[in-house]
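What follows is a short report on a single structure.
The values are calculated or read from the model by the stated rules, or taken from the named source; none is laboratory data. All values reported here derive from a predicted model rather than from experimental measurement. Positions of Cβ are backbone-derived with ideal geometry, glycine not excepted, and every protein chain shown enters the neighbour counts. For the accessible areas, the whole protein counts, side chains as well, though only heavy atoms, and no ligand, DNA or RNA atoms are used. Shrake-Rupley method; radii C 1.70, N 1.55, O 1.52, S 1.80 Å.
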Amino acid sequence: MRAFIFPGQGCQQQGMGKDLYEKFPQARDLFERGNDFLGRRITDTMFYGSEEDLMMTINTQPAVFLYEVVLAKCQSTVSPDVVAGHSLGEFAALVVNGTITFEDGLNLVLNRAVIGQRACEKVKTGMGAVIGLSDEYVARRIQELWDENGEPLYFANYNGPGQVVISGSKKGVRLACKAFMKEGAKKAVPLLIGGSFHTPYMDEAREELGEIIKKTTFNAPAIPVYQCVDALPHTDPEEIKNNLIEHITHPVLWTSMVNNMVADGVTEFYEVGTDDTLEKIVKRMCPDLHSQSLLDIEAYKNKVMNYKINK
């Protein structure tokens, strides 16, 4: 079985999607549909914008979503049996498996960006990456550090064994990272993200975006989606919708998602994104299985080269 895996916010890159736009008519059509829907040329920001422009949440989230949907749909070399998205990537996964339409997906992502940004501006919060300590140790220590310092801390992402993201007040994240480095972490650093996603800090955003999600049509998908909130495969539209609402304040269970996909028979993973972030995690967890970026498939690269030659 094959899985398409979609990364979330943080994989944005300057120039992302420009080659796809120039080489594939289908990509150009989807990008222009995105521009028309947003009422602005997000492609200009993606293709020519600065790193600072792309880091603005209002640009990052639609840019990542658009790129991933376009990349998945502009190739016919590999087809997935299941899909899974990391945080923001779940929205692209739901378009690719047919649960929601392209326009509905873009509408949800746009609202997610606007509402999430508004929530982030209310309280000074942040996120931090911790590598090299067990999940159990980090879970125990963030509660202890919260009690000691009075600064809230939560788990945001379980990205892989010994690789997690914590979230909370900016001061709390900073103090926790210092403590974890002293306690043997290979890396513990605050991330360049303003906000505390996938935590109770997003309760208001969950209520507001939840109402928009409830009004969106969800269809029975062609293939299952493994969702962030429970790491399980789903095909029931109402279950998928409810999980997507819970996703806003719930930690991303990526480690369990990968383990469950493997247990259910997935042997090939293809990352649908700009880099190999999720691919590397899968390789560390399952070194005997096939994991690869969709951009690196030889037949796909040949298709691009042939198009350039024929053109």
### Query
Looking at GLU90, GLU103, which one is charged (D, E, K, R), open to solvent by less than 40 Å² (accessible area, probe 1.4 Å) and in contact (Cβ under 8 Å) with a residue 12 or more places away in the chain?
GLU90
### Summary
Per the filter on the stretch 194-217, residues outside any helix (DSSP H, G or I), open to solvent by 20 Å² or more (accessible area, probe 1.4 Å) and at pLDDT 95 or above are LYS215, THR217
### Query
Restricting the first residue to the stretch 24-41 and requiring it to be under 17 Å from ILE58 (Cβ atoms), which pairs with a second residue that is surrounded by 14 or more Cβ atoms within 10 Å (Cβ to Cβ) and among the β-branched types (Val, Ile, Thr) meet a Cβ separation below 9 Å and a spacing of at least six or different chains?
GLY34/ILE42; GLY34/THR43; GLY34/VAL69; GLY34/VAL70; ASN35/ILE42; ASN35/THR43
### Message
Exactly one of these conditions fails for TRP146: (1) outside any loop (DSSP other than H, G, I, E, B); (2) under 30 Å from ARG2 (Cα atoms); (3) without any contact (Cβ under 8 Å) to a residue 40 or more places away in the chain; (4) of a type outside the set (S, T, N, Q). Give me its number.
### Response
(2)
### Query
Quick check: anything in the stretch 230-238 touching a helix residue (DSSP H, G or I) at 6+ places or on another chain (Cβ under 9 Å), open to solvent by less than 70 Å² (accessible area, probe 1.4 Å), at pLDDT below 95 and under 22 Å from PHE6 (Cα atoms)?
no
### Task
Could you figure out which of (1) more than 19 Å from the chain's Cα centre (by Cα); (2) among the aliphatic types (A, V, I, L, M); (3) under 26 Å from ALA231 (Cα atoms) isn't true of MET202?
(1)
### Query
Which one of these does ASN242 not meet: (1) open to solvent by less than 60 Å² (accessible area, probe 1.4 Å); (2) under 19 Å from the mean Cα position of the chain (by Cα)?
(1)
### Residues located in the stretch 223-265, provided they are outside any helix (DSSP H, G or I) and of a type in the set (A, V, I, L, M)
ILE223, VAL225, VAL229, ALA231, LEU232, ILE248, VAL252, LEU253
### Query
Taking ALA113, is it surrounded by 16 or more Cβ atoms within 10 Å (Cβ to Cβ), of a type in the set (Gly, Ala, Ser) and over 23 Å from GLU204 (Cα atoms)?
no
### Query
So how many residues does the stretch 166-186 have that are part of a strand (DSSP E or B), on the phi < 0 side of the Ramachandran plot and either in contact with a helix residue (DSSP H, G or I) (Cβ under 8 Å, 6 or more places away or on another chain) or modelled with pLDDT of 95 or more (or both)?
2
### Message
Looking only at the stretch 2-49, filter to residues that are at positive phi and open to solvent by 10 Å² or more (accessible area, probe 1.4 Å); which one of those is modelled with the lowest pLDDT?
### Response
GLY10
